[in-house]
Amino acid sequence: MLESRRVAILENAEEWLDTYRQGWLAHLQATGEADYKGRYVRPKNSTVPAGRGVNLAQSRLVLITSAGAYLQDHQPPFDADNLLGDYTLRLFPSSTRLDALAYAHDHYDHSAVNSDPQVLVPLRHLENLVVDGVIGELAPCVISFSGYQPDATRTVSEVIPAVIEAARAAEIDAALLVPA
């Protein structure tokens, strides 16, 4: 079961938020331009949060992807056009056919995932690892979000707790995050 512990996920969060609001966000609101090269200051931590190791062969693993994947016939897409980002989740079964997925995330090149969805949602590869005994079992669902989230404090306060809640509900021991 997922351990409950407090970790500084975003160091100097208040300072970063002030910089974000006065720089990138103010520029976006004034001009409509999302200037990442000149005005966006990426969060930086000096310490890497880490947890205990697990034996994957005896673990239930959940796949978490920031590809913006969703069930195209059953779920609303992420709001990829929103310059302020989309901070919601989509859960879908681990048994989902890859051709049932779509990707609503406009901030990465989709050519690789369109060619082979397993580059960002490696469900069939993970199933093979279960068969081979490398992983004990897969969680019943995949946790998906759109990785375009310019406000890191919202990611920490909204997305991460929602991911943890979904992971706890799935009774997982380990997680694989596949970033887009």
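The values are calculated or read from the model by the stated rules, or taken from the named source; none is laboratory data. Everything quoted here is computed from the prediction, not taken from an experiment. Ideal geometry is used to build each Cβ from the backbone, glycine not excepted, and the neighbour counts take in all protein chains shown. To get the accessible areas, we keep the full protein, side chains included, count just its heavy atoms, and leave off ligands, DNA and RNA. Shrake-Rupley method; radii C 1.70, N 1.55, O 1.52, S 1.80 Å.
Restricting the search to the range 57-76, which residues are out of contact with any Ser or Thr (no Cβ under 6 Å at 6 or more places or on another chain), crowded, with 16+ Cβ neighbours inside 10 Å and not hydroxyl-bearing (Ser, Thr, Tyr)? Listed by number, the residues that qualify are 60, 61, 62, 63, 64, 67, 71, 75. Tell me, yes or no, whether the range 156-173 has at least one residue that is open to solvent by less than 40 Å² (accessible area, probe 1.4 Å) and hydroxyl-bearing (Ser, Thr, Tyr). No, that holds for no residue. Listed conditions (1) in contact with a Leu (Cβ under 6 Å, 6 or more places away or on another chain); (2) within 25 Å of residue 168 (Cα to Cα) are all met by residue 68, apart from (1).
Total residues in the range 95-107 satisfying the condition of being more than 22 Å from residue 32 (Cβ to Cβ), surrounded by fewer than 20 Cβ atoms within 10 Å (Cβ to Cβ) and of a type outside the set (Asp, Glu): the figure is 6.
If you go through the range 99-116 one residue at a time, do you hit one that is of a type in the set (Phe, Trp, Tyr) and modelled with pLDDT of 95 or more?
No, the range 99-116 has no match at all.
Would you check if there is a residue in the range 110-133 being out of contact with any Cys (no Cβ under 8 Å at 6 or more places or on another chain), assigned to a strand (DSSP E or B) and not aromatic (Phe, Trp, Tyr)? No, the range 110-133 contains no residue that is out of contact with any Cys (no Cβ under 8 Å at 6 or more places or on another chain), assigned to a strand (DSSP E or B) and not aromatic (Phe, Trp, Tyr).
Of the residues making up the range 140-180, those that are without any contact (Cβ under 8 Å) to a residue 60 or more places away in the chain and in a helix (DSSP H, G or I) are 157, 161, 165, 169.
Scanning the range 30-46 for residues that are over 23 Å from the mean Cα position of the chain (by Cα) and open to solvent by 70 Å² or more (accessible area, probe 1.4 Å) gives 30, 31, 33, 39.
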